[in-house]
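Report on the following structure.
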Amino acid sequence: MKLSRITLREIRMPLVHFFETSFGRTTERRMVLVEVEGEGAAGWGEVTAGENPFYNEEWTDAAWLILRDYAGPRLLNHNFRSAAEVGDRTAHIRGHQMARAGLEAAVWDLEARLHKRPLWRHVGGNRTEIACGVSIGIQNSVEELLEKIGRELEAGYQRIKIKIKPGWDVDVVRAVRERYPAIKLMADANSAYRLDDAPRLKQLDEFYLMMIEQPLAHDDIIDHAKLQTRLDTPICLDECIRNARMAEQAIEMKACGIINIKLGRVGGFAEARRVHDACRDRAVPVWCGGMLESGIGRAHNIALSTLDNFRLPGDVSASRRYWKRDIITPPVEVSPDGTIRTTEAPGFGYGIDLDYIRQITVREETLD
Ligand code: OSB
Ligand code: MG
């Protein structure tokens, strides 16, 4: 398989509601779409980096340059036996997993289409239905948060994740638990705490959360291991896990009981599968994280979530929670029992709304 052309497009999409985490508020997404062409077909991927280097060190503008000047030229006109080799071809680039993953995922989509196979089967998945949860950002008031949770539960979502930070934590979780004592509930701190905050985090044990996600520094597995010995609530690592080796080390150190896999954060499908397999072999469940993706990234997350160790509901939810109009047709929809069904359509499984993509494209560049 050879790629003859790679097209980068930056699109801008306003969110239906702002999304706030411990590191800031997002109101509009700027994402890079990657279209790869070769062997008479096209595949699509999405870069999941944020607008600013606050979740990790990547951001939209850096991803553009990495793809244009480093990753793209390495792939063009190179002969690949399979999409599984694409990641290796850009592995000399330090970091920038999300930029590299956008390109890698596009090649997987292309390859699945060439085989006339749905992407989820092509990456080795076997579920025909995935379990959906929602991630709910920090709100302007606790009352608004409680209302929002109520609406998502009515829509059928199987678990609720709320964002926490110092000053929006123990009291907020207590209020949620008082209103909803029986729901599957978890909290994500996005690295807002230090090990010194262990007594405060320990107070969360009272609320029998499924897990607490990434409480400590984005690059510190050791402190998470120390924290885990003091908490009954399982720690789930997100930011810390950038590849399978780090997953193995974190599990060996007992730094977490659960891992969130994000396609972008680990550099694409090949590495995501290695993280998945490492966790499965060590009896650690995983779930699929989200990065406020457009329909393309969302569809790739659905495909990834069909692998068998994705045993917990993920942050993959309906398009309408994020976008007035999505760039795929039909939009991603969630059933009243909180699941998304896969289809047998080739590739990532949805149509591309190219007219709409053109309307919201702010820059485009073709490598050939
Ligand atoms: O930590 O999982 C996270 C969004 C942006 C950056 C980081 C995270 C998130 C989410 C949203 O939690 C998940 C989603 O709904 O896409
Ligand atoms: Mg997270």
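Those residues that are more than 16 Å from ligand 1 (Cβ to nearest atom), touching a Pro at 6+ places or on another chain (Cβ under 7 Å) and part of a loop (DSSP other than H, G, I, E, B), I need them from the stretch 102-134; list them, please.
Within the stretch 102-134, LYS116, ARG117 meet the criteria.
Note down all Cβ pairs under 7 Å where the first residue falls in the stretch 349-361 and is at positive phi and touching a residue at least 40 places away in the same chain (Cβ under 8 Å), the second is outside any strand (DSSP E or B) and surrounded by fewer than 16 Cβ atoms within 10 Å (Cβ to Cβ), and they're at least six residues apart or on different chains.
These pairs meet every condition: GLY349/THR343.
How about the stretch 1-21: which of its residues are more than 17 Å from the chain's Cα centre (by Cα) and open to solvent by less than 30 Å² (accessible area, probe 1.4 Å)? Please lay out each step first, then the result.
Initially, the stretch 1-21 is screened for residues more than 17 Å from the chain's Cα centre (by Cα), giving 1-14, 16-18.
Of everything in the stretch 1-21, those that are more than 17 Å from the chain's Cα centre (by Cα) and open to solvent by less than 30 Å² (accessible area, probe 1.4 Å) turn out to be LEU3, ILE6, THR7, LEU8, ARG9, GLU10, ILE11, MET13.
Can you tell me which residues in the stretch 30-73 are part of a loop (DSSP other than H, G, I, E, B) and either hydrophobic (A, V, I, L, M, F, W, C) or more than 25 Å from GLY289 (Cα to Cα) (or both)? Break it down stepwise before answering.
Start the filter on the stretch 30-73 by keeping residues that are part of a loop (DSSP other than H, G, I, E, B), which leaves 39-40, 47-59.
Selection gives GLU39, GLY40, VAL47, ALA49, PHE54, TRP59.
Restricting the stretch 206-217 to residues that are away from ligand 2 (no atom under 16 Å from the Cβ) and open to solvent by 40 Å² or more (accessible area, probe 1.4 Å), which is farthest from the chain's Cα centre (by Cα)? Show your work before the answer.
Taking the stretch 206-217 first, the residues away from ligand 2 (no atom under 16 Å from the Cβ) are 206-208.
Right, trim to open to solvent by 40 Å² or more (accessible area, probe 1.4 Å) and you get 206, 208.
On the way: GLU206: 29, TYR208: 25 Å.
Top of the filtered list is GLU206.
Restricted to the stretch 22-45, and to residues that are touching a helix residue (DSSP H, G or I) at 6+ places or on another chain (Cβ under 7 Å) and either open to solvent by 10 Å² or more (accessible area, probe 1.4 Å) or closer than 28 Å to ARG194 by Cα (or both), which residue is nearest to ligand 2 (Cβ to nearest atom)?
Only one residue fits best here, namely ARG30.
Can you name every residue in the stretch 76-99 that is in a helix (DSSP H, G or I) and open to solvent by 30 Å² or more (accessible area, probe 1.4 Å)? Outline the logic, then answer.
In the first step, residues of the stretch 76-99 are kept if they are in a helix (DSSP H, G or I); the result is 83-89, 97-99.
Hits for the stretch 76-99 are ALA84, GLU85, ASP88, ARG89.
Go through (1) surrounded by fewer than 21 Cβ atoms within 10 Å (Cβ to Cβ); (2) of a type in the set (A, V, I, L, M, F, W, C); (3) within 25 Å of the chain's Cα centre (by Cα) one by one and return the number of the condition ALA198 breaks.
(3)
Out of the residues in the stretch 252-289 that are within 16 Å of ligand 1 (Cβ to nearest atom) and farther than 18 Å from GLY45 by Cβ, which is surrounded by the fewest Cβ atoms within 10 Å (Cβ to Cβ)?
Keep residues of the stretch 252-289 that are within 16 Å of ligand 1 (Cβ to nearest atom), which gives 256, 258-266, 272, 275, 286-289.
The next check asks that each one be farther than 18 Å from GLY45 by Cβ; those that pass are 256, 258-260, 275, 286-287.
Working: CYS256: 28, ILE258: 20, ILE259: 27, ASN260: 25, VAL275: 26, VAL286: 26, TRP287: 27.
The qualifying residue surrounded by the fewest Cβ atoms within 10 Å (Cβ to Cβ) is ILE258.
Considering (1) surrounded by fewer than 22 Cβ atoms within 10 Å (Cβ to Cβ); (2) within 16 Å of ligand 2 (Cβ to nearest atom); (3) at positive phi, say which one SER191 fails and leave the rest.
(1)
Across the stretch 133-142, what is the number of residues that are over 14 Å from TYR180 (Cβ atoms) and either within 16 Å of ligand 2 (Cβ to nearest atom) or surrounded by fewer than 20 Cβ atoms within 10 Å (Cβ to Cβ) (or both)?
Kept after step one, since they are over 14 Å from TYR180 (Cβ atoms), are these residues of the stretch 133-142: 135, 137-141.
Cutting the leftovers down to either within 16 Å of ligand 2 (Cβ to nearest atom) or surrounded by fewer than 20 Cβ atoms within 10 Å (Cβ to Cβ) (or both) gives us 135, 137-138, 140-141.
Summing the residues that are over 14 Å from TYR180 (Cβ atoms) and either within 16 Å of ligand 2 (Cβ to nearest atom) or surrounded by fewer than 20 Cβ atoms within 10 Å (Cβ to Cβ) (or both) in the stretch 133-142 gives 5.
Only residues that are crowded, with 16+ Cβ neighbours inside 10 Å and of a type outside the set (Val, Ile, Thr): list them for the stretch 55-73, please. Show your work before the answer.
Of the stretch 55-73, the ones crowded, with 16+ Cβ neighbours inside 10 Å are 55-56, 58-60, 62-64, 66-68, 71-72.
The answer is TYR55, ASN56, GLU58, TRP59, ALA62, ALA63, TRP64, LEU67, ARG68, ALA71, GLY72.
Kindly provide the set of residues from the stretch 290-315 that are within 13 Å of ligand 1 (Cβ to nearest atom) and free of Cβ contacts under 8 Å to residues at least 60 places away in the same chain, ordered by number.
GLY295, ARG298, ASN301
How many of the residues in the stretch 149-183 are within 16 Å of ligand 2 (Cβ to nearest atom), open to solvent by 10 Å² or more (accessible area, probe 1.4 Å) and of a type in the set (Lys, Arg)?
Looking only at that region, the number is 2.
Just to check your reading of the model, which residue among CYS256, CYS236 is of a type in the set (A, V, I, L, M, F, W, C), under 17 Å from the mean Cα position of the chain (by Cα) and more than 19 Å from ALA105 (Cβ to Cβ)? If you could, list the steps in order and put the result at the bottom.
On the way: CYS256 fails: under 17 Å from the mean Cα position of the chain (by Cα).
From the options CYS256, CYS236, the qualifying one is CYS236.
Condition check ((1) in contact (Cβ under 8 Å) with a residue 60 or more places away in the chain; (2) more than 16 Å from ligand 2 (Cβ to nearest atom); (3) closer than 24 Å to ASP368 by Cβ; (4) among the β-branched types (Val, Ile, Thr)) across all residues:
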{"site": "HIS78", "(1), (2), (3), (4)": "yes, yes, yes, no"}
{"site": "GLU111", "(1), (2), (3), (4)": "yes, yes, yes, no"}
{"site": "LEU114", "(1), (2), (3), (4)": "yes, yes, yes, no"}
{"site": "GLY125", "(1), (2), (3), (4)": "yes, yes, no, no"}
{"site": "THR128", "(1), (2), (3), (4)": "yes, yes, no, yes"}
{"site": "GLU147", "(1), (2), (3), (4)": "no, yes, no, no"}
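I'm checking my understanding of the structure. Among residues of the stretch 218-238 that are open to solvent by 20 Å² or more (accessible area, probe 1.4 Å) and part of a loop (DSSP other than H, G, I, E, B), which one is farthest from ligand 2 (Cβ to nearest atom)? Step through it out loud before you land on a result.
First, pick out the residues of the stretch 218-238 that are open to solvent by 20 Å² or more (accessible area, probe 1.4 Å): 218-223, 226, 228-230, 232, 234.
Now restrict to residues that are part of a loop (DSSP other than H, G, I, E, B): 218-220, 232, 234.
Numbers: HIS218: 10, ASP219: 14, ASP220: 15, ASP232: 20, PRO234: 14 Å.
Filtering the stretch 218-238 for residues that are open to solvent by 20 Å² or more (accessible area, probe 1.4 Å) and part of a loop (DSSP other than H, G, I, E, B), the one farthest from ligand 2 (Cβ to nearest atom) comes out as ASP232.
The values are calculated or read from the model by the stated rules, or taken from the named source; none is laboratory data. In this text, all values refer to a predicted model and were calculated from it rather than measured experimentally. Every residue, glycine as well, gets a Cβ built from its backbone with ideal geometry; the counts of neighbours run over all protein chains shown. We work out accessible area using only protein heavy atoms, side chains counted, and drop any ligands, DNA or RNA first. Shrake-Rupley method; radii C 1.70, N 1.55, O 1.52, S 1.80 Å.
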